[in-house]
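Right, one structure below, let's go through it.
What follows is calculated from the coordinates using simple rules that are stated; it is not laboratory data. Just so it is clear, the model here is predicted, and its values are computed rather than measured. When we count neighbours, we look across all protein chains shown, and the Cβ atoms used for this are built from the backbone with ideal geometry, even at glycine.
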Amino acid sequence: MPELAADSFYHDWLRNPQPGEYWEKLSPKHLLQDVDLPMLHIGGWFDPYLRGTLNLYQAMSQKSKYAQHLIIAPWAHLPWGRKLGAVDYGMEAQNFIDEIQIRWFDHFLKGKDTGILAEAPISLFEMGSNQWRYWKEFPEQATTYYLASDGLAGMKEYSGMLWEYQEEEDNLIAENSNPLSTTSQDLENYLTTDITADFDNTKDIIVHDPWRPVPVLGGHASFPGGSCDRSSLDCRSDILTYTSYPLETDLHITGIVIVELYCDADKPSFDLCAVLSEVHADGKVFNFTQGYTKIDSVSNPVTIPLQATCMKLTAGNSLRLSLSAACFPAYPVNSGTGKSLLESRLIDNQIITISIMSGADYPSLVRLKTVLPNL
């Protein structure tokens, strides 16, 4: 490759797979200290560059004396419209950016009072309700779901569970004393484990075959992106699924999602992909955020930051976490050898056995930012 395209920056990327001096020189972050302007920050929930948009908004909001406004819609990087993936988000999701930009520039460049500064600085499109939500600052209330399983989360769809808990007197107490009373008959028929507040230690296994990697489906790291029905994908034995009981009330998630996992593997290097989805009563499963990380040295718990999101899950539906060791071709397949992509050869790829632990001694979890809708 270097001989055929010696001037390609792709080789530089392969030589610098981790953050460092190479990427710092390319980043505009070091120029921010000399910039102070009113900024209109625009992003999409399925835009691969959303993290940079949010980082810039937060940095400028802290330092700037000028207005900083943020708009995030259910869009990918391009195009911007009401439909993405398998979902039509309705008229509210249609592209209005030209109009808002004209109002912004008319105010700051022409001195016209367009009323834009009287509006909330944060405008977020909430998927699920398909409505715009407005805030002065990001919500901070956290909700935690713990993973629990009977060890067959890759073989039986409802062997892995997400369990919502609150801490009380250093003990984990279930928020619903009798959650089974609120489940649908279909879910009760599939439940294979009686999970209690004792949280027995359990190990689920992913066997990653580099020649048959888990494929990407929608999300923010593929094209086409967006939300898709991944119910058939979740049936693969190399994907672990952890599903909550049907929600008693609507769940509104807004902001960063974090997954913390206690894990191990039989090879020096492995990857983990985490996807959050809404499981509908009819069995369809629609993803709304995901994250990915490469692990060269296990230091538990492993943290996987997922794409920021704004999502309403409807009462009666469930929250699901899907875990896999690949998301190909959005991310290159980990060879399992510990070598860099530049040094790896396809013929050297290894089958990797990965253990995901849960239970009292291994509190693997999903941490969400939740809000009440501002009607």
Summing Lys, Arg as +1 and Asp, Glu as -1, what charge do residues with Cβ under 10 Å from the Cβ of Tyr331 carry, Tyr331 excluded? 0
Estimated FRET transfer efficiency when R0 is 41 angstrom, pair Ala281-Asp98 (beta carbons, to 0.05): 0.55
Grab the other residues whose beta carbon is less than 14 angstrom from that of Asp209, score K and R as +1, D and E as -1, and report the net. 0
Got a sec? Charge dipole of the chain, +1 on Cβ for Lys and Arg, -1 for Asp and Glu; which of Gly336, Ile205, Phe223 is way out at the positive end? Phe223
For the chain, give me every cysteine whose Cβ has no other Cys Cβ within less than 4.7 Å, ordered by residue number. Cys228, Cys235, Cys263, Cys310
Using a Gaussian network for the chain with springs between C-alpha atoms less than 10 Å apart, which of these wobbles most: Pro139, Pro74, Pro17? Pro17
Rounded to 0.05, the calculated FRET efficiency for the beta carbons of Val35 and Gln131 at R₀ = 41 Å is 0.75
Could you check which residue among Asp36, Asp150, Asp12 shows the biggest mean-square fluctuation in a GNM of the chain with a 10 Å Cα cutoff? Asp12
To the nearest 0.05, the calculated FRET efficiency linking Asp264 and Trp13 through their beta-carbon distance, R0 being 25 Å, is 0.25
Once you sort the root eigenvalues of the Cα gyration tensor of the range 10-135 as a ≥ b ≥ c, which label holds: rounded (a/c under 1.5), prolate (a/b larger than b/c) or oblate (the other case)? oblate
With only helices counted (DSSP H, runs n ≥ 4, each -39500 (n - 2.57)), the per-residue ellipticity at 222 nm for the chain, to the nearest 500, works out to -3500 deg cm²/dmol
Can you sort Leu313, Leu54 from fewest to most other Cβ atoms within 10 Å of each residue's own Cβ? Leu54, Leu313
Hey, got the dipole for the range 229-375? About the Cα centre, +1 on K and R Cβ, -1 on D and E Cβ, debye to the nearest 20? 260 debye
Using every alpha carbon pair in the chain, what percent of pairs falls into each 20 Å bin from 0 up to the bin containing the largest distance? 26, 55, 19, 0
Compute a Gaussian network model of the chain, connecting alpha carbons closer than 10 Å, and tell me which residue from Glu164, Glu99, Glu260 fluctuates the most. Glu99
Using +1 on the beta carbon of Lys and Arg, -1 on that of Asp and Glu, and nothing else charged, what's the dipole of the chain about the Cα centre, debye to 20? 1280 debye
Relative exposure of Val259, Val35, judged by other C-beta atoms within 10 Å (fewest first): Val35, Val259
Exposure proxy check on Thr143, Thr309: fewest-to-most Cβ neighbours within 10 Å is Thr143, Thr309
